[in-house]
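This report refers to the structure that appears directly beneath it.
The values are calculated or read from the model by the stated rules, or taken from the named source; none is laboratory data. These figures come from a predicted structure and were not determined experimentally. Neighbour counts run over all protein chains shown; Cβ positions are idealised from the backbone, glycine included.
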Amino acid sequence: MAVEREARVERVVEHAAGTRSLVLRLPPGEGLAFRPGQFISCLVPVGGERLVRPYSIASAPEDPEHLELLLDLVPGGPGSTYLFGLVPGDRVCFTGPWGTFVLDRAPDAEAVFIAAGTGIAPIRPMLHRAAATARHPLHLLYATTRPIYCDELAALTGVAVEIVTPEALEAAVAARWIDADADRSRCFYVCGVGEQVTRLRDRLRGAGYARRAVQYERW
């Protein structure tokens, strides 16, 4: 059985209408050991039961007593509605960390990070870890109309950041890393919501990139 943990809301950060971060603080000395890219499962009390809602950890494992969760408010969604109602001091119960979409150090190749919307959450700590150890170029292609963490990530050494609209994402990936050259040594980390993620995965692998070189997380 998964071990249940508890944290308290320390801060609420408003990014835009319907998008915010919850910064959680764990008890002193009880920090969570996790890998960049992993998620926790929040246990949300709704209607007399507890719903399980996974959220990627948007903060770095170097500060294990703080967890940042990046949330979109889903209209009619009981989980996000509950979490959006939390204020500093409120309790959050969760299990984890979970997930295999992780990056412990920079890969030994050019790396491309592709984030769609709040898919930037796991990409953020992955990029920080990659920038600290990279010997090859790092790229972030961020598909959003509301860039979050953009200035922070653009300031990382060796990271080239480009923002595109969500509608332009697939064409941008094809133009830059499929049609532009025959180099297939790059590796990719793709995260976002829905079928666009799997279409990008299939298109990159179909273009000749190794299966293991295209890692992805689809919500």
> Being farther than 29 Å from residue 14 by Cβ and in a loop (DSSP other than H, G, I, E, B), is that true of even one residue in the range 189-206?
Replying inline: no
>> Taking the condition of being touching a Gly at 6+ places or on another chain (Cβ under 9 Å) and acidic (Asp, Glu), how many residues in the range 114-165 meet it?
In response: 0
> Is it the case that residue 212 is surrounded by 14 or more Cβ atoms within 10 Å (Cβ to Cβ), out of contact with any strand residue (DSSP E or B) (no Cβ under 6 Å at 6 or more places or on another chain) and in a helix (DSSP H, G or I)?
Replying inline: no
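For (1) out of contact with any Cys (no Cβ under 9 Å at 6 or more places or on another chain); (2) modelled with pLDDT of 95 or more, each residue gets a yes or a no:
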site: 109; (1), (2): no, yes
site: 115; (1), (2): no, yes
site: 121; (1), (2): no, yes
site: 146; (1), (2): yes, no
site: 153; (1), (2): yes, yes
site: 174; (1), (2): yes, yes
site: 187; (1), (2): yes, yes
>> Name the residue that is surrounded by the most Cβ atoms within 10 Å (Cβ to Cβ), counting only residues in the range 18-63 that are modelled with pLDDT of 95 or more and either among the β-branched types (Val, Ile, Thr) or assigned by TED's automatic domain parsing to the domain that holds residue 120 (or both).
In response: 57
>> Take the residues in the range 1-17 that are within 12 Å of residue 84 (Cα to Cα), modelled with pLDDT of 95 or more and not charged (D, E, K, R); name whichever of them is farthest from the chain's Cα centre (by Cα).
In response: 9
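Can you report the number of residues in the range 143-188 which are among the acidic types (Asp, Glu) and not in a loop (DSSP other than H, G, I, E, B)?
Step one: list which residues in the range 143-188 are among the acidic types (Asp, Glu), which gives 151-152, 162, 167, 170, 179, 181, 183.
Now narrow it down to the ones that are not in a loop (DSSP other than H, G, I, E, B): 151-152, 162, 167, 170.
Within the range 143-188, residues that are among the acidic types (Asp, Glu) and not in a loop (DSSP other than H, G, I, E, B) number 5.
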>> loosely packed, with under 15 Cβ neighbours inside 10 Å, touching a strand residue (DSSP E or B) at 6+ places or on another chain (Cβ under 9 Å) and under 28 Å from residue 21 (Cβ atoms): is that true of residue 152 in this structure?
In response: no
> Restricting attention to the range 157-175, which residues are buried (at least 17 other Cβ atoms within 10 Å of the Cβ) and under 17 Å from residue 60 (Cβ atoms)?
Replying inline: 159
> Which residues, taken from the range 89-105, are out of contact with any Phe, Trp or Tyr (no Cβ under 8 Å at 6 or more places or on another chain) and surrounded by 12 or more Cβ atoms within 10 Å (Cβ to Cβ)?
Replying inline: 90, 92, 93, 94, 95, 102, 104
